[in-house]
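*Asks:* Below you will find the structure I want to go over with you.
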Amino acid sequence: MSTLITNVGELVTHERTGEGTTRWAAHDDAAIVIDDGLVAWTGPASRAPSADEVVDAAGRAVLPGFVDSHAHLVFAGERGAEFAARMAGLPYSAGGIRSTVAATRAASDSELDTNLRRLAAEMLAQGITTFECKSGYGLTVEDEERSVRLAAQVTPEVTYLGAHVVAPEFSGDHSGYVDLVCGPMMAACAPHAKWVDVFCEEGAFGPDEARAVLAAGRAAGLTPRVHANQLGYGPGVAVAVEAQAASADHCTYLTDSDIDALASSQTVVTLLPGVEFSTRHPYPDARRLLNAGVIVAIATDCNPGSCFTSSMPFCVALAVRDMHMTTQEAVWAATAGGARALRRDDVGHLSVGARADVMMLDAPSHAYLAYRPGVPQIAAVWTSGQRVIRSRHGD
Ligand SMILES: [Zn+2]
């Protein structure tokens, strides 16, 4: 069945550049036709072809669904008290992950699955039509394996993050834990995953340990991504570029040589402004990255410790207000940028032939995502051409 969405006030499509990426493109008074799960036609509303079903957007904006390239959704427990303490002046430390590890290990598969699906549904209601999901709160072979196995039931973008933090029982034996991550844990997890990730940071994993994890992942058929330079300057970005990682994530503290290395690579920088908001850390310098020609994505980093938001509109608002991205740059980064960070060319844009992952805002333009922060504005969402979210304003 074909669907025509017409009278679109602003249709954000992005357009292909011929270099395997897309750049911002939007059209006023436009229409889009979805057929067989794909975008079949876009153009002026006055020239729209007929279709089996017609949706009148009544001047509202239509955009590609958000692509969230960084989230940690397989866990149990919550850390609201830790957040409240941090806001009262206590510093964040990576050690807080350990309380989530204990709760995750103690949970049943069905408890983990329920929480994961609840968060995925939350994301969808906020316009996220593709999301990546990491393991990393199990830290045993069995618990990491079930984390990636459960994640693979809700998304194809599954990341094995056994190297999130050293498991508590290996606290005096870093190299023993790295051997486990690269050996039996990798063998158990790789069949369910597409990506391998490592938290390369002082207090987590050093550059040689990170290289070992990424090399073992590559050998098991996984593509690297890296948590890099979140808490301070360090080797994470250099390791990511050297490993030809799809993405270096966080990147709050970057030297000039980090920027140069990123600008001359295909590695996307995924900025996670919800983390800086939720930890009261300084925001990364998005303008410096964009001015240098680095490809920038933004993602939620939804996780129970450093940033418990599943709202991409909130992250777009932060990127605009606090990282000085334009509204167009922020929306591109949350759609096409995320797709680039996941090496996907079928999502994150609405060119003819793209997957029909589409959201309609209850607003006339993309700028409202930042202009009206905190206000629910997702009027309707289609995934692969199927309408899955229909708000009270979305008929
Ligand atoms: Zn993360």
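The values are calculated or read from the model by the stated rules, or taken from the named source; none is laboratory data. None of the values given here were measured: they were computed from a predicted structure. Please note: Cβ atoms are built from the backbone with ideal geometry, for glycine as well, and neighbour counts cover all protein chains shown. These area figures cover heavy atoms from the full protein model, side chains too; ligands, DNA and RNA do not enter into them. Shrake-Rupley method; radii C 1.70, N 1.55, O 1.52, S 1.80 Å.
*Asks:* Condition first: open to solvent by 10 Å² or more (accessible area, probe 1.4 Å) and more than 18 Å from V268 (Cα to Cα). Can you find one or more residues in the range 192-199 that meet it?
*Replies:* Yes, the conditions are met somewhere in the range 192-199.
*Asks:* Please go through the range 266-291 and give me each residue that is open to solvent by less than 20 Å² (accessible area, probe 1.4 Å) and among the hydroxyl-bearing types (S, T, Y), ordered by number. It would help to see each step written out before you state the result.
*Replies:* We begin by selecting, within the range 266-291, every residue open to solvent by less than 20 Å² (accessible area, probe 1.4 Å); these are 267-276, 278-279, 284, 286, 289.
Scanning the range 266-291 gives T267, T270, S278, T279.
*Asks:* Got a number for residues in the range 172-200 being more than 20 Å from the chain's Cα centre (by Cα) and within 16 Å of the ligand (Cβ to nearest atom)?
*Replies:* 0
*Asks:* Do you know which residues across the range 353-380 are assigned to a loop (DSSP other than H, G, I, E, B), open to solvent by less than 10 Å² (accessible area, probe 1.4 Å) and aliphatic (A, V, I, L, M)?
*Replies:* A354, A356, A363
*Asks:* In this structure, does A85 turn out to be away from the ligand (no atom under 16 Å from the Cβ) and either open to solvent by 40 Å² or more (accessible area, probe 1.4 Å) or modelled with pLDDT of 95 or more (or both)?
*Replies:* Values: away from the ligand (no atom under 16 Å from the Cβ): yes; either open to solvent by 40 Å² or more (accessible area, probe 1.4 Å) or modelled with pLDDT of 95 or more (or both): no.
When the stated conditions are applied, A85 does not pass them.
*Asks:* Taking only pairs six or more apart or across chains, which ones have beta-carbon atoms under 6 Å, a first residue in the range 123-142 that is on the phi > 0 side of the Ramachandran plot, and a second residue that is within 15 Å of the ligand (Cβ to nearest atom) and modelled with pLDDT of 95 or more?
*Replies:* Taking only residues 6 or more apart or on different chains, the pairs are G136/L161; G136/H164; L139/V101.
*Asks:* Also: Output the number of residues of the range 147-177 satisfying the condition of being buried (at least 24 other Cβ atoms within 10 Å of the Cβ) and assigned to a helix (DSSP H, G or I).
*Replies:* 3
*Asks:* Do we have any residue at all in the range 150-163 that's out of contact with any Cys (no Cβ under 8 Å at 6 or more places or on another chain) and either at positive phi or within 16 Å of the ligand (Cβ to nearest atom) (or both)? I'd like the intermediate steps shown before the answer.
*Replies:* Restricting attention to the range 150-163, the residues satisfying the condition of being out of contact with any Cys (no Cβ under 8 Å at 6 or more places or on another chain) are 150, 152-153, 156, 161, 163.
Subsequent filtering for residues that are either at positive phi or within 16 Å of the ligand (Cβ to nearest atom) (or both) retains 161, 163.
Yes.
*Asks:* Can you find even one residue in the range 329-352 that is in contact with a helix residue (DSSP H, G or I) (Cβ under 6 Å, 6 or more places away or on another chain) and open to solvent by 10 Å² or more (accessible area, probe 1.4 Å)?
*Replies:* Scanning the range 329-352, I find no residue that is in contact with a helix residue (DSSP H, G or I) (Cβ under 6 Å, 6 or more places away or on another chain) and open to solvent by 10 Å² or more (accessible area, probe 1.4 Å), so the answer is no.
*Asks:* Related question: Any residue in the range 311-322 that is polar (S, T, N, Q) and open to solvent by 50 Å² or more (accessible area, probe 1.4 Å)? Spell out how you get there, then give the answer.
*Replies:* Of the range 311-322, the ones polar (S, T, N, Q) are 311.
From what is left, the residues that are open to solvent by 50 Å² or more (accessible area, probe 1.4 Å) are none.
No, because not a single residue in the range 311-322 is polar (S, T, N, Q) and open to solvent by 50 Å² or more (accessible area, probe 1.4 Å).
*Asks:* Is it the case, given these coordinates, that R23 is modelled with pLDDT under 95, basic (K, R) and exposed (fewer than 14 other Cβ atoms within 10 Å of the Cβ)? Spell out how you get there, then give the answer.
*Replies:* Working: modelled with pLDDT under 95: yes; basic (K, R): yes; exposed (fewer than 14 other Cβ atoms within 10 Å of the Cβ): yes.
Yes; evaluated as a whole, the condition is true for this residue.
*Asks:* Could I ask something else about it? Any idea which residue in the range 39-54 is least open to solvent (accessible area, probe 1.4 Å), counting only those that are assigned to a strand (DSSP E or B) and out of contact with any Ser or Thr (no Cβ under 8 Å at 6 or more places or on another chain)? Can you show your working first?
*Replies:* We begin by selecting, within the range 39-54, every residue assigned to a strand (DSSP E or B); these are 39-44, 53-54.
Imposing the further condition that a residue be out of contact with any Ser or Thr (no Cβ under 8 Å at 6 or more places or on another chain) reduces the set to 41, 43-44.
Values: W41: 62, G43: 18, P44: 50 Å².
Among those that are assigned to a strand (DSSP E or B) and out of contact with any Ser or Thr (no Cβ under 8 Å at 6 or more places or on another chain), it is G43.
*Asks:* Also, I was wondering about something else. Of everything in the range 201-217 that's open to solvent by 10 Å² or more (accessible area, probe 1.4 Å) and assigned to a loop (DSSP other than H, G, I, E, B), which residue is farthest from the ligand (Cβ to nearest atom)?
*Replies:* G206
*Asks:* In the range 326-333, is there at least one residue being over 30 Å from T100 (Cβ atoms), within 16 Å of the chain's Cα centre (by Cα) and of a type in the set (F, W, Y)?
*Replies:* Yes, that holds for at least one residue.
*Asks:* Taking only the range 361-387 into account, find how many residues are within 20 Å of the chain's Cα centre (by Cα) and within 19 Å of D52 (Cα to Cα).
*Replies:* 4
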